[in-house]
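Single-structure report; data block below.
Here, each number is a calculation from the coordinates, and none is a lab measurement. Computed from a predicted structure; not experimentally measured. Cβ atoms come from the backbone with ideal geometry, glycine included; neighbour counts cover every protein chain shown.
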Amino acid sequence: AQSVTQLGSHVSVSEGALVLLRCNYSSSVPPYLFWYVQYPNQGLQLLLKYTSAATLVKGINGFEAEFKKSETSFHLTKPSAHMSDAAEYFCAVSPNRAGGYNKLIFGAGTRLAVHP
Amino acid sequence: SAVISQKPSRDICQRGTSLTIQCQVDSQVTMMFWYRQQPGQSLTLIATANQGSEATYESGFVIDKFPISRPNLTFSTLTVSNMSPEDSSIYLCSVALDGQFFGPGTRLTVL
């Protein structure tokens with residue numbers, strides 16, 4: 001069975017500091033991996049996705065993530081946090097190699113707070 | 001990507017009633033999905049809706065409680081039947097287009 005673990009339900013950083021949100025996955029087949037962001041009272045927005053091409057994936061809003069097979073990780077980073085980055089972030093895995101054309105299994109989410 | 005709209009955006013309903021949520025996409029898509037997000041929780045897939053076939057439900061979700069229609073490639077509905085307060089959640093539809101894209105959600109409160 002596939003699963004996603006997000007370490008840290010809450011992360012707090014200072015404006016301008018590095019953002020690191022952790023995601024580890026379990027999958028019996030090579031996975032497709034996704035990061036989504038949810039702003040208060042809004043739907044989910046796709047930040048970036050890994051679909052077996054480059055292991056370092058760049059997304060929107062300055063975020064990027066690196067797929068590390070040996071560590072079964074797909075951590076999300078941003079060099080410098082902005083106040084507008086405060087939101088809930090979800091990591092998700094597609095349980096087969098369908099690039100999102102199949103169901104997604106979501107992690108529990110990490111709430112990012114950015115303080116001045 | 002795709003532009004996805006949902007109606008209603010929110011509703012407050014009485015116990016025992018039913019609510020139908022609509023999802024409209026601005027392009028034709030084969031696969032649509034319905035998710036539930038309970039308060040303060042992550043997303044859980046309810047069912048996959050492909051046009052021209054019966055919806056496929058995940059463990060713990062049944063058609064009698066969450067009937068789904070998929071009459072064409074741009075539209076789907078999810079009905080939450082015989083509601084109880086435990087059904088209070090955000091319900092989101094998504095479409096598969098080289099990644100999944102989500103609608104804004106329907107915030108349901110059951111009293």
Per residue convex hull volume, Cα only, region B:1-65, in Å³ is 130
The percentage of Cα-Cα pairs in the protein assembly as shown separated by more than 32 Å is 19
Those cysteines in chain B that have no second cysteine Cβ within a distance under 4.7 Å are B:13
Residue-ordered couplings for region A:16-23, obtained by feeding phi - 60° into the Karplus form 6.51 cos²θ - 1.76 cosθ + 1.60 and rounding to whole Hz (Gly and Pro as x), are x, 7, 5, 9, 9, 10, 9, 9
Along region B:53-64, Karplus-curve 3J(HN,Hα) (6.51, -1.76, 1.60; θ = phi - 60°) to the nearest Hz, with x for Gly and Pro, reads 9, 5, 5, 9, 9, 7, 4, x, 10, 10, 5, 5
Volume per residue (Å³) of the convex hull spanned by the alpha carbons of region A:1-111 is 96
The answer for residue B:88, listing residues at least 5 apart or on another chain whose modeled amide H is closer than 5 Å to its amide H, is B:110
Computed Rg/Rh for region A:42-101 (Cα atoms; Rh = Kirkwood radius) stands at 0.96
Cα pairs beyond 16 Å in chain B, in percent, come to 55
Fewest to most Cβ atoms within 10 Å: B:93, B:23, B:13 sort as B:13, B:23, B:93
Length gained, residue A:83-residue A:53, 0.36 nm per residue minus C-alpha separation, equals 7.7 nm
Length gained, residue A:115-residue A:29, 0.36 nm per residue minus C-alpha separation, equals 27.0 nm
Here, residue A:7 and residue B:53, labelled 7 Å along Cα→Cβ, have an inter-label distance in nm of 3.9
